[in-house]
Structure formats: structure tokens, C-alpha cells
Amino acid sequence: MKLSFEYGQGLMDATLPDTTDVFIPGETVQDPPFLPNIEAATREAIEHPMGMKRLGEQVNADSKVVIIFPDRVKGGFQADSHRKVSIPILIEECAKAGVSDRNIKLICSNGLHRKNTKEEIRSILGDDIFNRFWDLGNITNHDSEDWDNLVDLGYEEQYNARVIMNKEVYDADAAILVGHALGNPYGGYS
């Protein structure tokens with residue numbers, strides 16, 4: 001059987017055994033439930049967090065805020081991606097509390113992946129957020145090899161590992177991690 005499937009930003013053709021099980025949401029299996037209004041649901045969640053104060057009550061005009069977002073490997077370039085929906089709402093919440101754009105830093109959490117290019121970051125964040133923060137120098141890639149911007153928090157015995165983190169995240173008054181649960185063919189969920 002010949003099959004074309006989504007791969008990267010295009011399609012890949014494959015020839016598979018006729019006994020291959022093919023699952024196509026909406027065709028061979030029922031579509032999972034979805035949010036009819038992603039932005040409204042995201043805003044509701046941000047404005048009413050579970051077990052903590054609203055973001056606007058945690059920051060003020062003097063606060064340094066860092067928003068950490070996944071790199072291009074996690075996909076999500078469409079207009080209703082989790083980054084493009086949640087980050088503007090988070091920034092709006094900070095602005096309402098008096099936090100200036102100069103005090104908001106966006107860090108691409110690329111881990112040990114290569115750094116994302118300027119255009120890749122633009123495609124992840126969207127033009128409005130990118131244009132608002134790029135020229136301020138407030139969008140950057142995490143650099144796991146820049147020891148001047150890493151903090152060693154010590155040794156974790158259970159996992160036999162050092163705990164090291166980004167210094168700007170460590171020093172922030174509020175660090176907000178934007179992410180999602182996504183099936184990963186190489187490692188379960190990421």
C-alpha cells in the first residue's frame with residue numbers, strides 16, 4: 001500500500017505492507033473532542049489558575065518576567081498553536097500589572113537542539129509578538145553550553161545528576177513555562 005503522511009512541513013510517501021493498520025483521525029477513527037474556542041479556554045485557564053494567584057497578582061511594575069516556550073521541534077506554527085494563543089494573553093496579564101515589555105524576556109527552550117533561527121522563532125511566536133520583543137533583544141535561545149548564563153543548583157542524588165538551569169530563568173521574579181503534551185514517536189510524550 002502506498003501512503004502519504006504529514007512529515008515536517010510537508011508530506012512523505014511510503015510503501016507499506018498491505019497488513020499495515022492506518023489510523024486517520026476523522027476517517028478511520030473518530031476525531032477526539034476539541035475546544036470550540038481555543039483562545040477563550042486558554043484565557044479562562046490563565047485568568048483562573050489552579051492552586052495559585054492569578055499572574056497579575058504575582059507581578060508588578062518592577063518584576064522581571066521570563067516566558068519559556070518550546071522550540072520548533074515541537075511544531076505548532078499554526079495561528080491557534082499553544083504558543084501563539086497563550087503568550088499574548090500572558091503578556092497582556094503582565095502589562096495589566098504594570099510590567100513593561102523591557103522586563104519581559106522570551107526564551108526558546110531548545111535544550112540541546114540547535115538554536116532556532118530568527119525566522120524559525122518568528123514562525124513559532126507570530127509576527128506581533130516577534131516584532132514587539134525582538135528589537136528589544138528580549139527573545140533568545142537557551143544555550144546549554146553558555147556557562148556564564150547557567151546556574152548550578154547542586155547534585156540530585158536520586159537520579160545521580162547535577163541540576164543546572166538557565167540563569168535568567170533562575171533570576172526572574174516570575175518564570176512561566178508554555179508547553180503541551182504531544183505524542184512523540186521517539187519517546188512517548190514530550
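The values are calculated or read from the model by the stated rules, or taken from the named source; none is laboratory data. Note that the structure is a prediction, hence the values are computed from the model and not measured. Neighbour counts are summed over all protein chains in view; Cβ atoms, including those assigned to glycine, are modelled from backbone coordinates with ideal geometry.
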Exercise for review: Output yes when any residue across segment 113-122 is more than 19 Å from residue 76 (Cβ to Cβ) and assigned to a helix (DSSP H, G or I), and no when none is.
Suggested key: no
**Study point:** Among (1) of a type in the set (D, E, K, R); (2) over 26 Å from residue 45 (Cα atoms); (3) surrounded by 11 or more Cβ atoms within 10 Å (Cβ to Cβ) - the single one residue 101 does not satisfy
**Key:** (2)
Review point. Which one is farthest from residue 66 (Cα to Cα) among residues in segment 112-154 that are small (Gly, Ala, Ser) and surrounded by 11 or more Cβ atoms within 10 Å (Cβ to Cβ)?
Key: 123
Practice item. Report whether or not residue 86 is of a type in the set (Ser, Thr, Tyr), closer than 24 Å to residue 45 by Cβ and not in a strand (DSSP E or B). Key: yes
Check your understanding: Of everything in segment 89-112 that's part of a loop (DSSP other than H, G, I, E, B) and touching a strand residue (DSSP E or B) at 6+ places or on another chain (Cβ under 7 Å), which residue is modelled with the lowest pLDDT?
Key -> 110
Exercise for review: Considering only segment 138-181, state which residues are in a helix (DSSP H, G or I) and either of a type outside the set (S, T, N, Q) or in contact with a Ser or Thr (Cβ under 8 Å, 6 or more places away or on another chain) (or both).
Suggested key: 147, 148, 167, 168, 169, 170, 171
Review point. Has segment 73-87 got any residue that is free of Cβ contacts under 8 Å to residues at least 40 places away in the same chain, over 19 Å from residue 180 (Cβ atoms) and either of a type in the set (S, T, N, Q) or in contact with a Cys (Cβ under 9 Å, 6 or more places away or on another chain) (or both)?
Key: no
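Among residues belonging to segment 9-68 that are hydrophobic (A, V, I, L, M, F, W, C) and over 25 Å from the mean Cα position of the chain (by Cα), point out the one that is farthest from residue 124 (Cα to Cα). Even if it seems obvious, please write down each step before you answer.
Of all residues in segment 9-68, those hydrophobic (A, V, I, L, M, F, W, C) come to 11-12, 14, 16, 22-24, 29, 34-35, 38, 40-41, 45-46, 50, 52, 55, 59, 61, 65-68.
Remaining after also requiring over 25 Å from the mean Cα position of the chain (by Cα): 12, 14, 16, 22-24, 29.
Numbers: 12: 23, 14: 29, 16: 33, 22: 30, 23: 28, 24: 26, 29: 30 Å.
Per the criteria, the residue is 16.
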Check your understanding: Considering only segment 151-179, how many residues are out of contact with any helix residue (DSSP H, G or I) (no Cβ under 6 Å at 6 or more places or on another chain), among the hydrophobic types (A, V, I, L, M, F, W, C) and farther than 25 Å from residue 85 by Cα?
Key -> 5
Check your understanding: Residue check: is residue 100 farther than 14 Å from residue 139 by Cα, of a type outside the set (Val, Ile, Thr) and touching a residue at least 40 places away in the same chain (Cβ under 8 Å)?
Key -> no
**Study point:** Counted residues, segment 14-46 - those being modelled with pLDDT of 90 or more, of a type outside the set (S, T, N, Q) and under 20 Å from residue 75 (Cβ atoms)
**Key:** 4
